[in-house]
Amino acid sequence: MAKREKLVVIGGVAAGMSAASKARRMAPEMDITVFEKSGFVSFGSCGLPYFVGGVIPTHEKLIVRTPEQFAKNNIAVHVHHEVTHIDLGEKKVHVRNLESGAEFEEPFDKLVITTGGHAAKPPIPGIDLPGIFPLRIIEDGLAIRRWIQEKRAQKAVIVGGGYIGLEMAEAFRNLGLQVTVLEMLPQVLPNVDADMAELAQEELLRQQVDLQLEHKVEGFEGKGRVEAVVANGKAFPADIVLLAIGVRPSAKLAEEAGVALGQTGAVAVNERQETNVPGVYAAGDVAEAFHLVLKRPAYIPLGTTANKQGRVAGANVAGGNAKFPGIVGTAVVKVFDLQVARTGLTLAEAKREGLNAEETRIKHHAIGHYMPNPTPLHVKLVYEAGSHRLLGAQMVGQQGAAKRIDVIAAALHAGWTVSDLGKLDLSYAPPFAPVWDPILVAANVASKA
């Protein structure tokens with residue numbers, strides 16, 4: 001009887017469980033084991049701010065499948081198990097049971113590394129004080145809610161004005177906390193252009209968020225717990241602090257084993273999610289992805305990419321020939337009553353790349369102007385001068401931005417010009433769009449530029 005091929009997956013959230021599940025569907029006889037350092041697998045981490053803010057009542061709502069459910073499909077999932085070393089020569093991983101302290105080795109024939117990313121944590125004085133939290137896993141969300149309840153927190157300081165920071169500003173305001181956001185840059189949301197970010201900044205102020213731009217954190221103060229955040233020489237009182245200053249790839253384990261990293265610091269992979277080591281794959285927030293506009297690998301950690309890359313890795317582990325073509329950096333964030341969406345390159349990013357880029361920005365009704373409560377949608381298109389090749393777009397508004405941005409993403413995948421975009425046959429009904437959709441208006445204005 002032939003030996004069953006053994007797959008080990010390191011990390012059990014989006015990419016990891018997508019890989020394990022796809023491999024199981026394609027290779028019913030494969031022996032599959034997953035090791036996850038935290039206590040949960042297969043959960044919606046992007047829903048954590050809404051759990052903290054009380055929109056989602058329990059953390060169980062975030063869980064897609066449990067280890068017990070995976071076991072019914074013959075996928076062995078071990079939570080609270082950390083892989084501490086990968087031995088590529090012997091084809092085995094060293095594992096520590098974080099509950100018992102026991103250590104053991106697990107052999108593999110194929111390996112998928114999905115160790116994800118971790119919240120950036122710079123060496124700032126006082127950063128380890130109790131009451132300072134990241135938000136990456138369910139345990140973080142539970143700890144934040146518990147701290148707010150037990151300490152009767154009234155004042156929250158958020159360090160960082162990116163996606164998580166602004167989503168958590170709303171979450172804390174929903175809980176009745178006073179909120180201060182400290183951002184070292186001159187704008188929030190650094191992956192949109194400054195004029196579009198200004199719309200989000202106005203919304204934050206309207207929602208009584210104390211927004212402090214160009215404020216670099218110098219330290220955290222407190223006796224036994226955090227009591228203040230010091231930035232630009234000023235102390236901002238805090239009962240709780242959220243660190244939201246970016247995500248870094250958790251690639252140390254892979255790198256120490258001899259798996260090559262790319263220029264971004266994440267694991268370098270090809271379109272099959274293969275690393276430089278035969279039989280070893282990587283996917284999700286630990287890995288790079290090919291950027292279709294930049295034409296090179298990039299590091300843009302998003303859950304959508306993680307699930308797709310994991311699926312590709314799982315198919316190829318099982319003998320398939322799946323390919324992940326790449327990304328264009330499509331993302332959307334809810335900032336209180338605003339939707340802020342982006343894809344491709346901003347004008348600032350395009351110019352940093354040395355591209356001869358131009359922009360067109362328009363404001364148009366998101367729905368029929370005669371419908372109840374119509375609101376404006378701001379649309380910016382970024383394109384190459386001369387050729388008018390589409391490079392990216394941003395949209396901000398109370399209605400219609402979140403999914404309209406996907407039209408632009410599809411156009412970027414196709415390599416369209418703004419003229420191509422303006423010829424689209426888009427849907428129309430007054431409750432959903434005006435007869436001239438904002439996308440078409442922006443494309444037609446850009447085509448005349």
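List of remarks:
- Between the stretch 320-382 and the stretch 1-54, the alpha-carbon center distance in angstrom: 32
- Among (i) 20.4; (ii) 26.6; (iii) 23.7, the entry derived from the coordinates for mean projected area of the Cα convex hull in nm²: (iii)
- Put simply, the amide H of PHE432, placed in the peptide plane, has neighbours under 5 Å in GLY368, leaving out anything fewer than 5 places away on its chain.
- Of THR417, THR343, THR84, the residue with the greatest mean-square motion in the GNM of the chain, using alpha carbon springs below 10 Å, is THR84.
- Remark on ALA298: its backbone amide H falls under 5 Å from those of ALA289, PHE290, HIS291, a criterion applied only to residues 5 or more positions apart or on other chains, H modelled at 1.01 Å from N.
- For the chain, a Gaussian network of Cα nodes joined below 10 Å ranks GLY279, GLY16, GLY354 by mean-square fluctuation, and the top entry is GLY354.
- The DSSP beta bridges internal to the chain are antiparallel in roughly 60% of cases.
- Restriction of the trypsin sites (Lys or Arg not before Pro) in the stretch 186-223 to DSSP coil positions whose beta-carbon has at most 16 other beta-carbons within 10 angstrom yields LYS216, LYS223.
- Taking a straight Cα-Cα cut-off under 22 Å and skipping sequence neighbours fewer than 8 places away in the same chain, the lysines within cross-link reach of LYS448 are LYS351, LYS363, LYS380, LYS423.
- Using the rule -39500 (n - 2.57) for each DSSP H run of four or more residues, divided by the residues of the chain, the 222 nm mean residue ellipticity is -7500 deg cm²/dmol.
- Gyration tensor (alpha-carbon) shape descriptor, the stretch 260-317, a/c threshold 1.5: oblate
- The residues neighbouring ASP239, those whose beta-carbon lies less than 15 Å from its own, together hold a net charge of +4 under the Lys/Arg +1, Asp/Glu -1 convention.
- The simple spin-label model puts a point 7 Å past each Cα toward its Cβ; for LEU98 and ALA235 those points are separated by 3.4 nm.
- Chain lengthening between GLU106 and ALA260 when straightened (0.36 nm per residue, less Cα-Cα): 53.2 nm
- As a proxy for reagent exposure, MET17, MET30 were ordered by neighbouring Cβ count within 10 angstrom, fewest first; the result is MET30, MET17.
- Label positions at ARG225 and ARG4, each projected 7 Å from the Cα along the C-beta direction, are separated by 4.9 nm.
Values quoted throughout were computed directly from the atomic coordinates according to the rules given, and no laboratory measurement underlies them. Worth saying up front: this structure is predicted, and the values here are computed from it rather than measured. Positions of Cβ are generated from backbone atoms using ideal geometry, with glycine treated the same way; all protein chains shown enter the neighbour counts.
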